Amino acid sequence: MRELRRREFLISLGLACGLRLQAEPLTAEPSIKLGYAAITWGGDDPKAIEDVAAVGFKGIQLRASAFDRWSRTPADLKALLARNSMAFPVLSSGNLNYQPADVAANLDMHLEHAKFVRDAGGRMLQVIDEKPKGRAVVADDYARLADAMNTLGAKTKAIGVPLVYHHHMNSTGEPPAAIDAIVAAADPAAVGLLFDIAHYQQGGGDPVSAIKTFAPRIKVVHLKDVRPIDAAPGYQWVELGRGRVDVKGCVAALKAAGFAGWVIVELDKVVDAGGTPVASAQANRRFIVNQLGLTL
């Protein structure tokens, strides 16, 4: 009798624990999706896709060179990506000239790029603004740029391709105060933010702090590093961990904010003699795995 009561007690306890586990499921940490930018391959996009897949990244950001190559046959790009088990999170669509005389033609061009992204199985369209020529940036430029992006973003959203704005050196959106003004004037329903940790750092800001501020607007991130050099322009993009950006702090801030979107590793070009795009991608992967504790 005593043994029977003991067994009944243990069964009851197990059932109670099981019900508690069902009622209070463990919450998983938001999953960051890691991709790589094709810019390092200088326009050889088929090679970039194959190399990035071989290194182990699951997505690739392509540039306008991909539009030039596959604009009439987007299904061919879609098939190539599928063969390499590669997602297409973002297309770099180039500069958006928001000056009144140029904006209409620019909107048409970027909308065509968005249709290409849709047809090739891509997800988002990135624009960088083109700052005014021959004069300084003024406060009205922030509103003009935001208006142009709001119009474009509404059009791209209508065909299923969200628009993201990439603040950038040598653009209207270079210093942190300008980025603040542009993001504030842009419609969140039409324009997301591609936050670049190295461009923000080089522009004079603290990217860790900015991630906390902009978290609700950030749709994709460029994981990038930069170091000072003596030659013009005074800085150089380098592999992760070789520059002055607090990459670990930025990733920690993204995790704390619950970011679960695409993080794209970007290196404009190989800076070391004898280096290759693949070797740089492998170095970036090692940093991501060994220093950041992320998995591809």
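Every number here is computed from the coordinates shown, using simple stated rules; none is lab data. Since the model is a prediction, treat every value here as computed from it, not as a measurement. Using ideal geometry, Cβ is built from the backbone for each residue, glycine included, and neighbour counts are taken over all protein chains shown.
Scattering from region 109-178 was approximated by placing one identical point on each alpha carbon and applying the Debye formula without solvent; log10 I(q)/I(0) at 0.18, 0.27, 0.28 1/Å stands at -0.71, -1.16, -1.22. For the chain, the longest principal axis of the alpha carbon atoms and the long axis of helix 176-185 meet at an angle near 80°.
With both residues required to sit in the chain, DSSP beta bridges show an antiparallel share near 10%. In this structure the amide hydrogen of K131, modeled in the peptide plane, comes within under 5 Å of the amide hydrogens of T172, none closer than 5 places in sequence on its chain.
Eigenvalues of the alpha-carbon gyration tensor of region 100-147, scaled by 5 and square-rooted, set the equivalent ellipsoid semi-axes at 26, 11, 9 angstrom, largest first. Here the extension length gained between I229 and K212 equals 3.2 nm, from 0.36 nm per residue of separation less the Cα-Cα distance.
Which lysines have a Cα less than 28 Å from the Cα of K133, not counting those fewer than 8 places away in the same chain? Hits, sequence-local ones excluded: K155, K224, K269. As a length-normalised measure over Cα pairs under 8 Å and 6 or more apart, the relative contact order of region 34-291 settles at 18 percent. Per the Debye formula on identical point scatterers at the alpha carbon atoms of region 217-267, with no solvent, log10 I(q)/I(0) at q = 0.15, 0.16 Å⁻¹ is -0.46, -0.51. Scoring 67-74, 52-59 by mean Cβ neighbours within 10 Å over their residues and listing the highest first yields 52-59, 67-74. In order along region 69-85, the phi-based Karplus estimate (6.51 cos²θ - 1.76 cosθ + 1.60, θ = phi - 60°) of 3J(HN,Hα) comes to 7, 10, 4, 8, 9, x, 5, 5, 5, 4, 5, 4, 4, 5, 4, 9, 6 Hz; Gly and Pro are listed as x.
Here the chain is assigned +1 on the Cβ of each Lys and Arg and -1 on the Cβ of each Asp and Glu. Its dipole about the Cα centre then comes out at about 1220 debye. For helix 139-158, what angle does its Cα long axis make with the longest principal axis of the chain, in degrees from 0 to 90 and rounded to 10? Between the helix axis and the principal axis of the chain, the angle is about 60 degrees. Applied to region 207-215, the Karplus parametrisation 6.51 cos²θ - 1.76 cosθ + 1.60 on θ = phi - 60° returns per-residue 3J(HN,Hα) values of x, 4, 5, 5, 4, 5, 6, 8, 2 Hz, with x for Gly and Pro. Segment E112..V289, full-extension length gain: 60.0 nm, with 0.36 nm per residue of separation and the alpha-carbon distance subtracted. Helix 103-119: angle to the longest alpha-carbon principal axis of the chain, degrees 0 to 90, nearest 10? Tilt of helix 103-119: around 40 degrees. 3J(HN,Hα) along region 225-234: 9, 8, 10, x, 9, 6, 7, 5, x, x Hz, from the Karplus curve 6.51 cos²θ - 1.76 cosθ + 1.60 with θ = phi - 60°, whole Hz, x for Gly and Pro. To make sure I understand the rule: partners must be aspartates and glutamates, Cα under 20 Å from the Cα of K157, and not fewer than 8 residues away in the same chain. Which ones qualify? Those aspartates and glutamates meeting the cut-off are D108, E112, D119, D129, D147, D187.
Residues whose amide H comes within less than 5 Å of that of L223, counting only those at least five positions distant or on another chain, are I264, V265, E266 (H built at 1.01 Å from N in the peptide plane).
Under the simplified labelling scheme, the K33-K78 pair shows an inter-label distance of 1.6 nm, with each label point 7 Å from Cα along Cα→Cβ. Listed peptides 31-40, 106-115 appear in the order 31-40, 106-115 once ranked by packing, highest mean of other Cβ atoms within 10 Å at the front.
Using alpha carbons only, the radius of gyration of region 94-241 set against its Kirkwood radius gives Rg/Rh = 0.97.
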